[in-house]
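To start, the structure itself, in structure tokens.
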Amino acid sequence: MVKILYFAWVRERTGTASEDVALPDGIASVKDLVEWQRGRGDGFAEAFAEGDLVRCAVNQSHVALDHPVKDGDEIAFFPPVTGG
Amino acid sequence: MVKILYFAWVRERTGTASEDVALPDGIASVKDLVEWQRGRGDGFAEAFAEGDLVRCAVNQSHVALDHPVKDGDEIAFFPPVTGG
Amino acid sequence: MIRVQEHDFDLGQALKLLTDGNHGIGGLCSFVGLVRDMAGDAAVGAMTLEHYPGMTEKALEEIEAEACARWPLQATLIVHRVGKLEPGDQIVLVAAASAHREAAFDACHYLIDFLKTRAPFWKLEDTPDGPKWVDARNSDDEATRRWMTPA
Amino acid sequence: MIRVQEHDFDLGQALKLLTDGNHGIGGLCSFVGLVRDMAGDAAVGAMTLEHYPGMTEKALEEIEAEACARWPLQATLIVHRVGKLEPGDQIVLVAAASAHREAAFDACHYLIDFLKTRAPFWKLEDTPDGPKWVDARNSDDEATRRWMTPA
């Protein structure tokens, strides 16, 4: 299982703030996970649409698309940050 | 007459904070005035010694050595500033 | 020190606490971000700041630690508010104190530049066309990159 | 606004007055200079700040006006104390507020850099060897010159 969190417009489009999911077979990186998300229905497809700028953190650190994901991770998807 | 003001160690060395003096003949610039000051006795000679860094303001604006001086001016001599 | 909070902060008190009793501090630089009533050409009413609890604190602590590693600082502070804010409200305070002013200015500038691109906060603005997520600015990315090239 | 005064200033109150009610301000940068108890390697007790009444105000107003001409500022403030000060005391406050943070930072930095080389203040430090006039620092001249080259 991994915990997946969604923030700001990623949360709104997916309709999900937080979920615990079993990592499907063959998903080893953030990139794999993003592609899997796109197949989960309209809201997810829209949130993770090509060209959009969803960012990812694994275990509360910013990571690139090629970062590995594994059981027990806390994975977050969100837009570019706009605080300050 | 001109008003001449002295600040910080220039004031201490000359022993003078402020004086009203008649501009001696032939003194047309700050440079002339500095040379005249050097002949006014030990304290003044020390304050305006070659190599020292006395700065000048005429009518409350920083000026260079070639700036003219004339009757009615307020002329100030002081070290490089160290506020802030 | 870092703080993430809904309630407002007292700027004077926060800065006073930072320097009080430390006579090695020669300069204190601070920056406060405030809610403007205009964003681009659009009037803005209230805004809501969302964040990622846990990661926010981690990110701010990393930014602060990095500043302390880069400059000889006597004290640093990051305070960021979350929740609903009105025009004129304080959003964020960053401050850095050092023996000399250059380190204080540079570190303070660094703190806010990295906060803007690394700390997981998102602004939702109330506009005449309804609520709108604020877009990230390219100029913020550039401001961050500036610190990555050798001085 | 400029102020030259013997008494201390309330940092929080001064900054609050600067931004209160102005919802066009997005960023406020401030710098406070404090009396350190060390200068170089020498312990410093109290210090006395002398100035040139009349020219001081004129110089500070010129520095402020120049900053307002260079950046789109919503508010600026310079407060400088004179007379006797102890370690830990506030000496100077400069602040600049603008719609965006870069202008606020740059203008605030400019204000203190020019104040350091143009405003007629002189520091007399009490040291173990007796009172000593502080020497001007070359780094301050360099900081000022930095603003004179095209960006």
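Where a number appears in this text, it was derived from the coordinates with a stated rule and is not lab data. What you see is a predicted model, and the numbers here were worked out from it, not measured in a lab. Please note: Cβ atoms are built from the backbone with ideal geometry, for glycine as well, and neighbour counts cover all protein chains shown.
Hey, any idea what the orientation-averaged projected area of the convex hull of chain C's Cα atoms comes to, in nm²? Before the final figure, lay out the partial values.
Details: hull surface 36.6 nm².
About 9.1 nm², averaged over all directions.
Could you state the principal axis extents of the C-alpha atoms in segment A:2-78, from the largest down, to the nearest angstrom?
Cα extents, longest axis first: 25, 23, 23 Å.
For chain B, what relative contact order do you get, as a whole percent, if you take Cα pairs closer than 8 Å and at least 6 residues apart?
Averaging sequence separation for qualifying contacts and normalising by length gives 40 percent for chain B.
Toward the positive end of the charge dipole of chain C, about the Cα centre and with charges on Cβ (Lys, Arg +1; Asp, Glu -1), which of C:131, C:121, C:88 goes farthest?
Highest projection toward the positive end goes to C:121.
When chain D is modelled as a GNM with alpha-carbon springs shorter than 10 Å, which of D:28, D:11, D:85 fluctuates the most?
D:11
Using a 7 Å offset from Cα along Cα-Cβ at residue B:18, what residues in segment B:63-84 end up with backbone N under 14 Å from the label point?
Under cut-off, by backbone N: B:74-77.
Between copies, how far does the label point of residue B:49 sit from its twins, in nm, shortest first, when each point is 7 Å from Cα along Cα→Cβ?
In ascending order, 7.9 nm.
What dipole magnitude, in Debye to the nearest 20, does chain A give about its Cα centre under +1 on Lys/Arg Cβ and -1 on Asp/Glu Cβ? Let's see the in-between values first.
On the way: 8 positive and 14 negative charges, 39 e Å.
For this selection, approximately 180 debye.
Based on Cα coordinates alone, diagonalise the gyration tensor for the protein assembly as shown, multiply each eigenvalue by 5, take square roots, and list the semi-axes in whole Å, largest first.
Whole-Å semi-axes of the equivalent ellipsoid: 56, 21, 18.
How far apart are the residue D:17 label points across copies, placing each 7 Å from Cα toward Cβ, in nm, shortest first?
Listed shortest first, these distances are 2.5 nm.
Work from the charge dipole of segment B:2-78 (Cβ charges, +1 for Lys and Arg, -1 for Asp and Glu, about the Cα centre) and give the residue of B:29, B:6, B:49 farthest towards its positive end.
B:6
Could you tell me which of the pairs B:70/D:123; B:70/D:116; C:16/D:58; A:3/C:84; B:3/B:31; B:70/D:58 are separated by over 24 angstrom between their Cα atoms in the structure shown?
Working: B:70/D:123 31 Å; B:70/D:116 29 Å; C:16/D:58 30 Å; A:3/C:84 27 Å; B:3/B:31 16 Å; B:70/D:58 21 Å.
As for pairs spanning more than 24 Å Cα to Cα, those are B:70/D:123; B:70/D:116; C:16/D:58; A:3/C:84.
If every alpha-carbon in segment C:100-142 counts as one equal scatterer, what log10 I(q)/I(0) does Debye give at q = 0.25, 0.30, 0.34 1/Å?
Per q value, in the given order, log10 I(q)/I(0) is -0.89, -1.02, -1.11.
Chain C: which residue's Cβ hugs the C-to-D rotation axis most tightly, distance rounded to whole Å?
Residue of C nearest the axis onto D, distance in Å: C:12, 1.
Other chains' Cβ within 10 Å of A:55-64 residues: what's the mean? Display every interim value, and only then the final one.
Values: counts 2, 0, 5, 0, 3, 9, 4, 5, 0, 0.
Mean partner shielding for this stretch: 3.
In debye to the nearest 20, how big a dipole does the protein assembly as shown give about its Cα centre with +1 on each Lys and Arg Cβ and -1 on each Asp and Glu Cβ? Could the numbers behind the result be given before it?
Values: 46 positive and 76 negative charges, 20 e Å.
About 100 debye.
Could you tell me which residue in chain B puts its beta carbon nearest the axis mapping B onto A, with the distance rounded to whole Å?
Taking Cβ atoms only, the nearest residue and its distance are B:84, 14.
Just checking chain D: which Cys have no other cysteine's beta-carbon under 4.7 Å?
So, D:68.
Please give the average number of partner chain Cβ atoms lying within 10 Å of the Cβ of each residue in C:18-29, rounded to a whole number.
Mean number of neighbouring Cβ atoms from other chains: 6.
Enter the mean number of other protein chain beta carbons within 10 Å of the beta carbon of each residue in C:101-109, as an integer. Show your work: numbers first, answer last.
Working: counts 11, 4, 0, 3, 8, 1, 0, 5, 6.
Partner Cβ neighbours, averaged per residue: 4.
Counting helices only, and only those DSSP H runs with n ≥ 4, report the 222 nm mean residue ellipticity of the protein assembly as shown as the sum of -39,500 (n - 2.57) divided by its residues, in deg cm²/dmol to the nearest 500. Walk me through the numbers before you get to the answer.
Values: 14 runs with 148 residues, N = 470.
My calculation for the protein assembly as shown gives -9500 deg cm²/dmol from helical runs alone.
When chain D is modelled as a GNM with alpha-carbon springs shorter than 10 Å, which of D:95, D:14, D:119 fluctuates the most?
D:14
What are the label-to-label distances in nm, one decimal and shortest first, from residue C:128 to the same spot in the other copies, with labels 7 Å along Cα to Cβ?
Label-point distances to the other copies, shortest first: 7.0 nm.
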